[in-house]
Amino acid sequence: MPRIKHLLAIAALTLLTATGSAQNSILDTPTDINTAGKTLKQIITEIEAGSEVRFSYSDNLLPKKQFNAVDRRQTLGRLLDNLLHSNGIDYKIVNGQIVLFKSASDGNNCLISGFLVDKKSSESVINGSVYVADIGIGTTSNSYGFFTIELPEGRHHLKFNSLGYMPADTILNISGTHNLVFRLEPVSYQMSEIVVKENGGSDFMESAMNTIAKLNIEQLKQMPNVLGEHDALRNLDMLTGLQISEFSTSNISVRGGTGDQTIFMMDEANLHTASHLGGFSSVFNPDVVNHIKIYKNELPVSESGALSSFIDVRLRDGDMQHWHTSGSIGLLTVRATVEGPLKKDKSSVLLTVRRTYADQLLNNFFKNHNFALQFYYYDVNFKFNYKFNPHNRLYISWYSGSDKLDHSMYLKRKDHISTIRWNHIFGENLFFNLSAIGSYNSTRLLNFHNYGALNWQSICWNTKMKLDFSHYVSDRISLKYGILGSYYSLEPFDLSPEEGETAYRKSRIHAQTIMNHGIYVDETLKFGASLSLELGARLNVHFGPTDYQNSGDSTIIYPEWNTTLNCRATDRLLLKLNASSRSQPLHQMQVSSYGITINRWMPANSRFLPEHSLNLSVSADYEISEWLNASADIYCRKLKNLIETMQEMRLVYEINPEKYARHSSADVVGCEVSAIATFDNLKMSVSYDYTNSRWLTQGLNNGKSYPASFIRKHTVRIAGTYALNGHIRLSASWQIASGMPYTAAVGKYVIDGKTTLQFDDNQINTMRLPNYNRLDISMNIENKKNKIRRWKSYWDFAIYNVYARKNPLGVAYFTTDEKGTYVLKPGYYYFYQFVPSVSYRFRF
């Protein structure tokens, strides 16, 4: 009898095991179902038609709604989890059939909020995506890593993704309110990561697509560089819609706009200039940059003051887990960074310093040739943050930079920025941020003349307070609103003679006081999983002088707005329509020459109103296959109240700038087309830009429009990165563009032996420079021992302009002869002909 019982037990165990295996095998059945636009009953019918799986259910149980697209290739069990649980339906396997029944959940919604952080350093993950696969909805983390989303009770499949991090997912049983922290694993960049990625083809529909681009600084370090500098802005010209001057990384034209129509922000503080002298590198030290976000026309109403673009640079918080030291030595600069926790997971500090040493090398090399050059810049970044508790956090940022050139002329520039920010979370769905920001810029220029030396100086102060709220009202409605107060103190110039006799007298403009205040609201409405509408409005009040003489006060009230409609037409096609209106109350008239840019500030007044732009764009992003993605964008812009100065140098020391400022308007049309292909070890991007910007200026060109002098009409770009193995990566970028238009001299005259050129105001930009063509390559080598030791090292080799092409950037009419005398000899001038570089990076 015991033997019989033993055999029966074995038989029962075998039967149960077989039954369990059969059930598991059913749920492990692979599927390839396109759920987009289908009801649950249609999906079940398609599953049954393509397999031997059978379902049992009541028609009244199934919802009538159409589902959004989910991952096509997944197991049946995972597909059912994604489709059923969020709709109050559960299932079990009975006699080989999948039986559907009503879930025990009462259908209440739960509010989920939390932070996305770096798993290794606990730094905030900015603009990371949170996607609920079973419902087809999602959100993104804000500039501090915070997110909020509302979900039905039950089990949900959450996916997390962000540039620079491994995709992650988890299954959560949601019940009640949750405040969570999700840690993402950072990745070392192999070639499967795109160098510059525009925000298309994401798991869920969001407003950012072709008109908003995001960069991760670690990706930038894989691209070719100039003089060993992995600059945060230099490679932005590989993005569609952006054109960067080789003279200066801060002179960026976005969709036909001028360089002064782009505002750069560092941790929410406005930068008066974003480039160091010579244009070699920007003020953003790559070792401290966390994230760069570029807004192209679709500017957020939470910010104001820019007509064409915002470039928002967020700095790293500092490692909150371990102390680290890192640095780099290149041909131009040396950098050093120290960061670490003051208290783990509670507080961190980061300090980084950078300085050029080219002046020291040149002076030592030519010390026996009576050569003396002082050309250097340095910058310092400091960041401190402290978590009081899960709902309160404090940030303090500080930047200081200085540039100096002392050779045939003397120029010195100083920039200081400080930011204090406090984050607070009210409940689970209201995020609050208070910012106090201050910035200072001064430029001093000393020119030597036959009659003595002239000292020119310009100063700009700016302080502002911001109060921002992010309010998650429901799963369909979210709000952003806030107020801003900004104060400017401008000293356009102070011109005075140095010691000794001079033919010039002291001249200056007294400080001009400007106040800009604004209030905004931005609402996002979601109509199901395939359609969303964003409505933003801002009202600004500008207080400033009536004219350059400060003879009175004027008040200008102007609105700004932004509207974006997103539609996911299919699971692979995303469409967007955007219309916006922007204004810029502070005229920044630039005079640039050979990498040196001087600003003449002039606030808007009754004669020169705030610059205004009306923008319209239509975008499409299509996932052709798993390895190929394409996007296209068509836009048009109408700009008015612009100022044309014709690069008149006398503008910077003229008391009345209106003598050289002409009223202008512009019409811009353009298109951007790009494709990105991803293979195992190779990633490539190809793009084409067409930009036609035509200006109309009073008193110029016989009243006819003319092409903008800073725009290349056609541009083709090709970029690629290839992982040779786990330690060596190769990169290349190539672009060809049409030449920029320019106004040629039509004659000359000589007075007292001095030759002066003559230009025809009715023949503006009738000539074009030759086409622009450049190839850059780089190789990044990671030490094989990096994975087994704390000291990590990297070598970067690059060649800028491989085939040493002379790309004309303008026309120089005068040159110096052997005696140092200026003589008339027209010809093109060039920058950066075949520039090899090497740099060494380390971290421990």
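The values are calculated or read from the model by the stated rules, or taken from the named source; none is laboratory data. Quick caveat: nothing in here was measured; it's all calculated off a predicted structure. Cβ: placed from backbone, ideal geometry, glycine included. Neighbour counts: every protein chain shown. Ligands, DNA and RNA are excluded from the accessible area calculation, which covers all protein heavy atoms including side chains. Shrake-Rupley method; radii C 1.70, N 1.55, O 1.52, S 1.80 Å.
Among the residues of the range 811-825, are any open to solvent by 60 Å² or more (accessible area, probe 1.4 Å) and at pLDDT 80 or above? Checked against the condition, which is being open to solvent by 60 Å² or more (accessible area, probe 1.4 Å) and at pLDDT 80 or above, the range 811-825 yields no hits at all.
Could you tell me which residue of the range 259-269 is modelled with the highest pLDDT, considering only residues that are closer than 20 Å to residue 644 by Cα and of a type outside the set (S, T, N, Q)? Going through the qualifying residues, I end up with 263. Pairing each residue of the range 620-636 that is hydrophobic (A, V, I, L, M, F, W, C) with any residue that is open to solvent by 40 Å² or more (accessible area, probe 1.4 Å) and not in a strand (DSSP E or B), provided the two are 6+ apart or on different chains, yields C-beta distances under 9 Å for 620/569; 624/572; 627/679. Report whether or not residue 85 is open to solvent by 90 Å² or more (accessible area, probe 1.4 Å) and modelled with pLDDT under 80. Answer is no for this residue.
Close contacts from the range 705-718, counting a first residue that is open to solvent by 20 Å² or more (accessible area, probe 1.4 Å) and among the charged types (D, E, K, R) and a second that is modelled with pLDDT under 90 and not in a loop (DSSP other than H, G, I, E, B), with Cβ to Cβ under 7 Å and a gap of 6+ residues or different chains, come to 712/243. Among the residues of the range 710-744, the ones that are within 25 Å of the chain's Cα centre (by Cα) and over 18 Å from residue 776 (Cβ atoms) come to 4 in all. Of the residues examined, residue 642 is one that is modelled with pLDDT of 90 or more, among the hydrophobic types (A, V, I, L, M, F, W, C) and crowded, with 22+ Cβ neighbours inside 10 Å.
For the range 305-335, residues that are crowded, with 24+ Cβ neighbours inside 10 Å and of a type in the set (Asp, Glu) total 1. In this structure, residue 773 qualifies as open to solvent by less than 50 Å² (accessible area, probe 1.4 Å), free of Cβ contacts under 8 Å to residues at least 40 places away in the same chain and either touching a Pro at 6+ places or on another chain (Cβ under 8 Å) or within 24 Å of residue 676 (Cα to Cα) (or both).
Could you tell me whether any residue of the range 295-304 is among the acidic types (Asp, Glu) and surrounded by fewer than 24 Cβ atoms within 10 Å (Cβ to Cβ)? Walk me through how you get there before you give the answer.
Initially, the range 295-304 is screened for residues among the acidic types (Asp, Glu), giving 298, 303.
Those still in the list that are surrounded by fewer than 24 Cβ atoms within 10 Å (Cβ to Cβ) too: 303.
Yes, there is a match, as at least one residue in the range 295-304 is among the acidic types (Asp, Glu) and surrounded by fewer than 24 Cβ atoms within 10 Å (Cβ to Cβ).
The criterion of at least 2 residues that are more than 26 Å from residue 159 (Cα to Cα) and modelled with pLDDT of 70 or more is met by the following strands (runs of 3 or more DSSP E) wholly inside the range 1-78: 54-56.
Here the range 147-167 is the region considered, the condition is being part of a strand (DSSP E or B) and charged (D, E, K, R), and the residue that is modelled with the highest pLDDT is 159.
Residue check: residue 664 meets all listed conditions (1) of a type in the set (Gly, Ala, Ser); (2) surrounded by 15 or more Cβ atoms within 10 Å (Cβ to Cβ); (3) over 23 Å from residue 798 (Cβ atoms); (4) touching a residue at least 60 places away in the same chain (Cβ under 8 Å) but one, namely (4). Summed over the range 603-614, the residues that are over 27 Å from the mean Cα position of the chain (by Cα) and open to solvent by 10 Å² or more (accessible area, probe 1.4 Å) give a count of 3.
Is the range 674-694 home to any residue that is under 27 Å from residue 628 (Cα atoms), charged (D, E, K, R) and open to solvent by 40 Å² or more (accessible area, probe 1.4 Å)?
Yes, the range 674-694 has at least one match.
So for the range 727-742 (the condition being closer than 23 Å to residue 827 by Cα, open to solvent by 30 Å² or more (accessible area, probe 1.4 Å) and among the hydroxyl-bearing types (Ser, Thr, Tyr)), does at least one residue qualify? Yes, the range 727-742 has at least one match. Residues in the range 367-413 that are more than 28 Å from residue 336 (Cα to Cα) and at pLDDT 80 or above were compared, and the one that is surrounded by the fewest Cβ atoms within 10 Å (Cβ to Cβ) is 389. The residues in the range 216-244 that are open to solvent by 10 Å² or more (accessible area, probe 1.4 Å), at pLDDT 75 or above and either over 13 Å from the mean Cα position of the chain (by Cα) or under 14 Å from residue 293 (Cβ atoms) (or both) can be counted, and the count is 2. If you filter the range 245-258 down to residues that are modelled with pLDDT of 85 or more and at negative phi, you find that the one that is surrounded by the most Cβ atoms within 10 Å (Cβ to Cβ) is 257.
Filter the range 776-803 down to the residues that are assigned to a loop (DSSP other than H, G, I, E, B) and in contact (Cβ under 8 Å) with a residue 24 or more places away in the chain, then identify the one that is farthest from residue 327 (Cα to Cα).
Looking at residues that are assigned to a loop (DSSP other than H, G, I, E, B) and in contact (Cβ under 8 Å) with a residue 24 or more places away in the chain, I get 803.
Of the residues 658, 626, the single one that is over 26 Å from residue 244 (Cβ atoms), open to solvent by 60 Å² or more (accessible area, probe 1.4 Å) and among the acidic types (Asp, Glu) is 626. Taking the numbered list (1) buried (at least 20 other Cβ atoms within 10 Å of the Cβ); (2) under 30 Å from residue 348 (Cα atoms) in turn, residue 157 passes all entries but (2).
Within the range 745-763, does at least one residue satisfy the condition of being modelled with pLDDT of 80 or more, open to solvent by less than 50 Å² (accessible area, probe 1.4 Å), more than 26 Å from the chain's Cα centre (by Cα) and over 30 Å from residue 253 (Cβ atoms)? Yes, there is a match, as at least one residue in the range 745-763 is modelled with pLDDT of 80 or more, open to solvent by less than 50 Å² (accessible area, probe 1.4 Å), more than 26 Å from the chain's Cα centre (by Cα) and over 30 Å from residue 253 (Cβ atoms). Total residues in the range 568-590 satisfying the condition of being of a type outside the set (Gly, Ala, Ser), surrounded by fewer than 17 Cβ atoms within 10 Å (Cβ to Cβ) and part of a strand (DSSP E or B): the figure is 2.
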